[in-house]
Amino acid sequence: RARARGGSQIDRIVERGTPPARIFLAGFGQGGALALAAAAAAPHALGGVACVAGWFPPAAPGALTAPAAHLSEVPVLVMHGANDTDLPPVLANFTAARAEARGFANVTVVISEDANHSLGAEQDLRPFLLLPLPFPLLAAS
């Protein structure tokens, strides 16, 4: 149900005129799983998706289907704490492999040595969110 809501929210944002490439999804834990599932199910290339201390759910819509060509344009950031006892850090590489198998071509994995199931000092989303964008930023009027 949450995936359906996320997808419908993305559709509403696009219908209101926001280019899909300006939409970034990010989530922590289950939210990271939801962000990846929503990006994989989206019919257009989003600006990016970040999964922090989460995973790519095997039952996600489209997770086990043939890769969608537009996903190769979507950057994915997978971050995990090396000391996470809630979700083992090996899930980061599993998540990256599943994302690549689904068609995401630009997947980056960051394992933070100082973090557990939390955000560590090395886990900064700002560089990811400030990637060169395929469009000019709009000036505020």
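The values are calculated or read from the model by the stated rules, or taken from the named source; none is laboratory data. Bear in mind the structure is a predicted one, so any value in this text is a computation, not a measurement. All Cβ positions, even for glycine, are placed from backbone atoms using ideal geometry, and neighbour counts span all protein chains on display. Heads up: the accessible areas ignore ligands, DNA and RNA and are worked out on the full protein's heavy atoms, side chains in. Shrake-Rupley method; radii C 1.70, N 1.55, O 1.52, S 1.80 Å.
Where the second residue is of a type in the set (Asp, Glu) and surrounded by fewer than 22 Cβ atoms within 10 Å (Cβ to Cβ) and the first is free of Cβ contacts under 8 Å to residues at least 40 places away in the same chain and lies in segment 77-99, which pairs have Cβ atoms under 6 Å and are six or more apart or on separate chains?
These pairs meet every condition: ALA82/GLU113.
Read through the list (1) touching a Cys at 6+ places or on another chain (Cβ under 9 Å); (2) among the small types (Gly, Ala, Ser); (3) at pLDDT below 90, then give the number of the only condition that ALA92 fails.
(3)
Across segment 43-59, which residue is modelled with the lowest pLDDT among those that are open to solvent by 10 Å² or more (accessible area, probe 1.4 Å) and hydrophobic (A, V, I, L, M, F, W, C)?
By that ranking, first place goes to ALA59.
Consider PHE104 against the criteria (1) of a type outside the set (Asp, Glu); (2) in a loop (DSSP other than H, G, I, E, B); (3) at pLDDT below 85: it satisfies all of them except one. Which criterion is unmet?
It fails just one condition, (3).
Does segment 99-110 hold any residues that are open to solvent by less than 60 Å² (accessible area, probe 1.4 Å) and either of a type in the set (Gly, Ala, Ser) or within 14 Å of VAL52 (Cα to Cα) (or both), and which are they?
Answer for segment 99-110, where residues must be open to solvent by less than 60 Å² (accessible area, probe 1.4 Å) and either of a type in the set (Gly, Ala, Ser) or within 14 Å of VAL52 (Cα to Cα) (or both): ALA99, GLY103, VAL107, VAL109, VAL110.
Failed condition for ARG22, given (1) open to solvent by 40 Å² or more (accessible area, probe 1.4 Å); (2) at pLDDT below 90; (3) out of contact with any Phe, Trp or Tyr (no Cβ under 8 Å at 6 or more places or on another chain), with all others met?
(3)
Report yes if LEU64 is modelled with pLDDT under 90, under 22 Å from SER8 (Cα atoms), of a type outside the set (Asp, Glu) and open to solvent by 60 Å² or more (accessible area, probe 1.4 Å), otherwise no.
Yes: the conditions hold for LEU64.
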